[in-house]
Amino acid sequence: MSWFGWALVAPFSWALSNVIDEDLVRHEVRDPVALTIITGLFGGIPAVIIALSGALTWPGWTAFALAVVHGIIGLLVYLPYLRALTTTSAAPVILMWNLSPVLVAATAWFVVDERLLPREYIAIALLMVSALLAARHGVAGVSRWSRALPLMVLASVMYAAEVLIGKSLYARVPFVVGFGWSSAAVFTTACTLLLASPQALRGIRAAFQGRMKFVVAVNEVFD
């Protein structure tokens, strides 16, 4: 398989995960916080594997702080995304995710003075247009903005911050080290959310009953 074929694996997995997320948050678990906590608990598995392999070395305080923030934002971004799925279907929500690369490019311009080629700015403009078109829908003959739009704008801002922090993190330390500490931060954030939202336990229990535990496990593998 060429690099292009491998590159398609990620968006294909992401698409499947989004469809499953929609079903879980709207029909099965029905609790975005519970699903976010589940994602965070599974997200701690890489930290355990890397630690057991002996590769989780101390990265220094700066890289450690970046990894912690990267992990926290990387998990919390699921909250507005999952809440958006409670208001509309997965397809428009995914199209609204197109705001993420727009914000990444804009933030990179101001923060690290990164410049793109003219054709790349055209691509960015098309992404923004597609996101805004997906956010408009007609109700009784009246066109309105989707309730998911502000949630996905927030998710996109958080994702843009996560990407830029990740870039800074992995410029300082090897990927395995940075990913391991970030994974540990994801797990810790999930535990903190659980302590702050004990009512989410009901949704977590529902996610692991019957066939749902297999659906949730497969979904986390895709994530």
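Where a number appears in this text, it was derived from the coordinates with a stated rule and is not lab data. In this text, all values refer to a predicted model and were calculated from it rather than measured experimentally. Counting neighbours? That spans all protein chains shown, and the Cβs are built from the backbone with ideal geometry, glycine included.
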With a ≥ b ≥ c from the Cα gyration tensor eigenvalues, square-rooted, and the rule rounded for a/c under 1.5, otherwise prolate when a/b > b/c and oblate otherwise, the chain is oblate
Magnitude of the Cβ-charge dipole (Lys and Arg +1, Asp and Glu -1) of the chain about the Cα centre, nearest 20 debye, reported as 360
Taking the chain and counting helices only, DSSP H stretches of n ≥ 4 at -39,500 (n - 2.57) each over all residues, the nearest-500 ellipticity at 222 nm comes to -24500 deg cm²/dmol
